[in-house]
Amino acid sequence: MPIAVVGIGCRLPGARGPEELWDLLTGGIDVTTALPEDRGGDATTALAKDRAGNAQTRGGFLEGLQDPDAFDAGFFGVRREDVPATDPQQRLALTVAWEALEDAGLLPAALSGTRTSVFLGQSHADHWEVLRAAQPGPQASGALARLAGTEQRALLSGRLSYFFGWHGTSLTVDTGQASSLAAVHLACASLRSGEATLALAGGVNAALSPAVTGLFAQAGVLSPDGACRFGDARANGFVRSDGAGIVVLKPLERALADGDRIRAVLRGSALSNDGATKEQVTDPSATGQRLAMRWAHEDAGTSPHDVDYVEAHGTGTRIDAVELAALNDVYGEGRSAGRRLLVGSVKTNIGHCEAAAGVAGLIKAVLCLEHRTVPPSLHIETPSPKVHWERIPLVVPTANEPLPAYGRPAVVAVNGQSISGANAHVILAEAPPAASGAPADDGPWPLHLSAPTARGLATLLGAYVDHLAPDGPGRAHAARDLCWTSWARRTAHAHRLTVHGSTHDQLHRALTAALAGGASTDAAHPADGAGTDPAPLDGACPGASADTDRCFPAGPGTVAPLPRHPWDAGAARPL
């Protein structure tokens with residue numbers, strides 16, 4: 001059963017959403033940075049050193065991750081005094097899950113009480129260690145008492161099910177660095193078995209503990225100079241990164257029937273373990289990886305020859321050669337002459353998000369399919385001499401390259417492995433062509449904005465002005481679809497603003513006028529040239545089916561991307 005990816009939410013280094021991620025990927029940008037002040041200090045530098053005494057001071061960091069004020073606690077019903085003790089990974093998961101549902105055009109209230117399932121990867125619980133180190137002895141009693149029990153990984157997925165009111169499976173997965181891809185595999189299995197009607201899958205990571213970083217450094221897997229060089233002769237390790245990514249999954253047949261925006265199709269996936277095919281449990285194994293790859297294609301009903309790009313685990317360490325050998329064994333065998341296989345790694349841009357690394361790669365793969373482009377893998381100067389590049393069809397792209405057109409949906413794969421010997425492999429295909437929308441009525445249509453606070457509404461209004469600007473991303477979607485999505489597929493909060501129009505230009509003018517005039521809430525602003533009869537808005541309630549029919553008499557539209565929810569973090573920058 002093919003599974004549709006209908007929504008994506010993420011917080012990754014340098015990217016507050018998939019659009020920003022695509023910009024930095026195609027721009028060839030490495031967003032890893034020096035250790036920020038709120039993560040630094042002598043204690044961090046002293047603990048996070050490798051055997052040569054080099055301090056690990058670079059990584060992929062999320063701004064405000066440790067700041068309790070950056071989390072919109074009131075929105076999620078978390079008491080402000082409990083936020084400092086709440087694992088930032090849980091705060092991240094709540095935030096990103098809401099955005100993923102918005103991206104899917106799904107109303108959380110309508111999903112309450114359903115058999116929606118959650119599968120999330122998490123490997124570390126650094127927050128506990130950080131709090132204990134910061135408040136030793138009796139001073140720790142208050143914070144640690146609040147923390148008691150909340151450090152358990154089970155609460156990562158459980159908190160989402162609790163907040164949204166879901167009754168499906170709630171499972172936190174830890175297979176090490178392959179955790180989030182394993183979560184995606186389990187979510188697909190749950191949907192195929194009928195145990196879930198909808199599933200959210202992904203993973204989170206918060207690289208907070210200098211002690212954990214020190215352990216990685218002592219093991220020799222971190223780059224002393226802070227760069228991940230997948231496939232390069234200078235590869236000397238990875239850098240640790242924060243991150244979170246969640247995808248919303250639904251059976252393809254149902255997604256098509258529901259008129260969802262399908263971003264990609266999960267054709268198949270598989271998990272494996274290396275077993276006793278290596279000397280040590282932490283060693284990589286080409287045997288285990290080959291099994292996962294072949295089983296994934298069996299599950300997908302595809303051939304390795306169908307695949308044009310593989311998003312590799314690609315850490316920039318010695319295990320790269322093992323992974324590339326396994327990829328060549330499976331994807332290179334019998335491949336026609338001249339048929340290249342592009343292989344890259346998002347870790348060269350954002351670092352290693354550990355338990356969230358797999359879903360970061362999966363989101364990149366979805367974006368590659370949507371844009372039919374493979375971005376460059378960075379830091380390639382001299383290809384690694386450990387790989388016989390001249391004998392294999394594998395190529396690491398160093399510039400943006402188009403996916404080849406073969407008169408069929410493009411197919412890509414995502415590979416993951418972990419220190420536990422777990423391997424994961426996922427096969428993705430390009431989404432089917434979007435169905436033609438309902439016959440367009442003449443408009444004007446309502447474009448509805450709402451937020452829990454007046455400040456949030458003002459922020460959202462500015463985002464909509466940018467979204468519908470002449471060069472804004474909203475111009476790629478029909479004006480009616482943008483309006484319909486805002487009206488029928490977004491939660492209506494307490495503070496509201498409605499403009500209406502029949503074209504992008506009319507809507508943009510109305511939004512700009514509202515922004516310039518200091519828009520009041522619960523107000524309707526007709527657009528210049530949009531018509532003089534605002535009657536369709538009188539007394540209408542966003543989301544109500546009868547009112548949706550009144551405002552969009554020709555029928556439902558197609559889900560279109562809109563600006564994200566305006567999180568309220570007071571004076572702080574939102575998480």
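Readers should treat all values here as calculations from the given coordinates under stated rules, not as data from a laboratory. Please read all numbers here as calculations on a predicted model, not as lab measurements. Positions of Cβ are generated from backbone atoms using ideal geometry, with glycine treated the same way; all protein chains shown enter the neighbour counts.
Report, in degrees rounded to the nearest 10, the 0 to 90 angle that the Cα long axis of helix 286-300 makes with the longest principal axis of the chain.
Between helix and principal axis, roughly 30 degrees.
Relative to the longest principal Cα axis of the chain, at what angle does helix 479-488 sit, 0 to 90 degrees, rounded to 10?
Tilt of helix 479-488: around 90 degrees.
I'd like to compare 410-422, 327-339, 286-298, 104-116: which one has the highest average count of other Cβ atoms within 10 Å, and what's the full order after that?
The peptides rank, most packed first, as 410-422, 286-298, 104-116, 327-339.
Most exposed first by the Cβ proxy, i.e. fewest other Cβ within 10 Å, how do Asp38, Asp308 rank?
Arranged by neighbour count, lowest to highest, Asp38, Asp308 become Asp38, Asp308.
Could you rank the peptides 259-266, 85-92 by their average count of other C-beta atoms within 10 Å per residue, with the highest value first?
Ranked from most to least packed, the peptides come out as 85-92, 259-266.
What does DSSP give for the chain in terms of the percent of beta bridges that are antiparallel, rounded to the nearest 5?
Percent antiparallel among DSSP bridges in the chain is about 65.
In terms of modelled amide H atoms, which long-range or inter-chain residues lie less than 5 Å from the amide H of Val343?
Val310, Val395, Val396
In whole Hz, what ³J(HN,Hα) sequence does segment 492-500 give by Karplus (6.51, -1.76, 1.60; θ = phi - 60°), x for Gly and Pro?
8, 9, 5, 9, 9, 8, 10, 10, 9
Using helices alone, I'd like the mean residue ellipticity at 222 nm for the chain: each DSSP H run of four-plus residues gives -39500 (n - 2.57), total over residue count, nearest 500.
The per-residue figure over the chain is -9000 deg cm²/dmol.
Taking amide hydrogens as modeled 1.01 Å from N in the peptide plane, which residues meet the under 5 Å criterion relative to Gly501, leaving out close sequence neighbours?
It is Trp445, Leu447, by chain and number.
Arranged from highest to lowest average of other beta-carbon atoms within 10 Å per residue, in what order do the peptides 377-387, 58-68, 72-82, 472-482 appear?
58-68, 472-482, 377-387, 72-82
How much net charge surrounds Trp22 when only the other residues with a Cβ under 10 Å from the Cβ of Trp22 are counted, with Lys and Arg +1 and Asp and Glu -1?
Taking every Cβ under 10 Å from that of Trp22, the sum is -3.
Measure nothing fancy, just the Cα-based angle from helix 504-516's long axis to the longest principal axis of the chain, in degrees from 0 to 90, nearest 10.
90 degrees
Output wanted: per-residue J couplings in Hz (rounded whole) for segment 20-35, from phi through Karplus 6.51 cos²θ - 1.76 cosθ + 1.60, θ = phi - 60°, x for Gly and Pro.
Once θ is set to phi - 60°, the couplings for segment 20-35 become 5, 4, 4, 4, 6, 5, 6, x, x, 9, 9, 9, 5, 9, 5, 4 Hz.
Using the basic label-point model (7 angstrom from Cα toward the beta carbon), what is the Leu256 to Gln218 distance in nanometres?
Taking the two extended label points, one gets 5.5 nm.
Quick one: which residues, 5+ away or cross-chain, put their amide H under 5 Å from the amide H of Asn54? H built at 1.01 Å from N.
Those qualifying (amide H under 5 Å, at least 5 residues apart or on another chain) number zero.
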